[in-house]
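A short worksheet on the structure shown next.
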Amino acid sequence: MDLPSLAFFLLETKFRQVTIIGLVVGSLYALVAIGFVLIYKASQVVNFAQGEFVMLGGFLIVAMVTNYHLPLAVAFPLTLVVGALLGFAIERGMLRPLIGKPLVAVVMATIGLAQVIRGAVAVLWDPTTKAVPRVSIGPIKPFSTETITILDTPIAQIDLWSLAFAVLFIVVLTLFFKYTRTGIAMQAVADDQQAAMAMGISVRRVFAISWAIALLVASVGGIMWGARQGVDLNLAFLGLLVFPVVILGGLESLTGAIVGGVIIGLIQNFTGAYINPSLQEAGYGGGFEFVVPFLVLIVILMLRPHGLFGREHIERV
């Protein structure tokens, strides 16, 4: 591709639109991945139920607005509070009794938890696809599909608000870990549990807070993703798409979760916009954008298993 053609490609409306949507999707991936990384950093538990927590957040916001007729200004934060409290309850009731048990037992417990949540959602609510009501908070319409034009590029308001909420929570969490005593304690536990305990830090309390924050950010992801594409049981698939993100960025790196989320979001959307049409014209099926993240996962595991920002652990044998 010559320079003029490249310049035209970079300046075309479609390119800008795909880039913005890629950043939106990537920021939501990053937000959910942060919860995944938090749990792993604190307790070395690979949480296979993170996607179901995302799905639960979507169903909760729909139920609160539609069934209980709560205003969005109440329903949104209440969903986050319910998610955080559920995180505390799961850590206390399920994970704490498993401390000291084989790692495979803890992993299987999270897989079982994922299926319990899916079953509970199917029983409590009709699992068919639901649209998040296009309610507003005064003049603010965070779930509106109306478009506005930025740099000659039409963008739906829901996408801009999704990006704004994701960035806001990422910034708040970054400040929390850097400047609050609880956040610093959580990082100390992640670095060395024994040293943290010697300093008087309650490791069990850190575990509980990690699960609470993980469910809170998963709820935000579920609300915004559900508002973009509808809420159903398939929303849990977002948790599966987070695996390439955390493997790319590094299982123990919050920075990696953010960078990995943005990279995977951009790759996925550019694949869907530019590669999928060519494949379909050649007679192949679509959906390649959902395959690419896992191809990235395989390549990263082969070339750099600890990810871009993860720490390489060396064990003596």
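Taken over the stretch 221-237, residues that are surrounded by 24 or more Cβ atoms within 10 Å (Cβ to Cβ) and under 19 Å from Phe48 (Cβ atoms) amount to 4. Of Ile209, Ile158, Ile213, Ile170, all but one fail to be assigned to a helix (DSSP H, G or I), crowded, with 21+ Cβ neighbours inside 10 Å, among the aliphatic types (A, V, I, L, M) and touching a Leu at 6+ places or on another chain (Cβ under 8 Å); the exception is Ile213.
Answer with yes or no whether Val206 is modelled with pLDDT of 90 or more and within 25 Å of Ile111 (Cα to Cα). No; evaluated as a whole, the condition is false for this residue. Where helices (runs of 4 or more DSSP H) sit wholly within the stretch 222-288, those with at least 2 residues that are without any contact (Cβ under 8 Å) to a residue 12 or more places away in the chain occupy 276-281. Within the stretch 238-259, the set of residues being crowded, with 22+ Cβ neighbours inside 10 Å and β-branched (Val, Ile, Thr) comprises Val242, Val245, Val246, Ile247, Ile258.
Here the helices (runs of 4 or more DSSP H) wholly within the stretch 23-133 that include at least 1 residues being aromatic (Phe, Trp, Tyr) and either modelled with pLDDT under 85 or surrounded by fewer than 17 Cβ atoms within 10 Å (Cβ to Cβ) (or both) are 72-90. The set of residues from the stretch 260-312 being touching a Gly at 6+ places or on another chain (Cβ under 7 Å) and exposed (fewer than 14 other Cβ atoms within 10 Å of the Cβ) comprises just one member, Gln280. Within the stretch 159-175, residues that are over 18 Å from Val37 (Cβ atoms) and modelled with pLDDT under 90 have Cβ atoms under 9 Å from residues that are exposed (fewer than 15 other Cβ atoms within 10 Å of the Cβ) and among the aliphatic types (A, V, I, L, M) in these pairs: Leu160/Ile148; Leu160/Ile150; Trp161/Ile140, counting only partners at least 6 apart in sequence or on another chain. Checked against the criterion of being of a type outside the set (Ser, Thr, Tyr), in contact with a helix residue (DSSP H, G or I) (Cβ under 6 Å, 6 or more places away or on another chain) and over 16 Å from Phe169 (Cβ atoms), the stretch 23-30 has no qualifying residue.
Number of residues in the stretch 134-155 that are surrounded by fewer than 15 Cβ atoms within 10 Å (Cβ to Cβ), at pLDDT 80 or above and outside any loop (DSSP other than H, G, I, E, B): the value is 4.
The values are calculated or read from the model by the stated rules, or taken from the named source; none is laboratory data. This structure is a prediction, so every number in the text was calculated from the model and none was measured. No Cβ is skipped: glycine too gets one built from the backbone with ideal geometry, and neighbour counts run over all protein chains shown.
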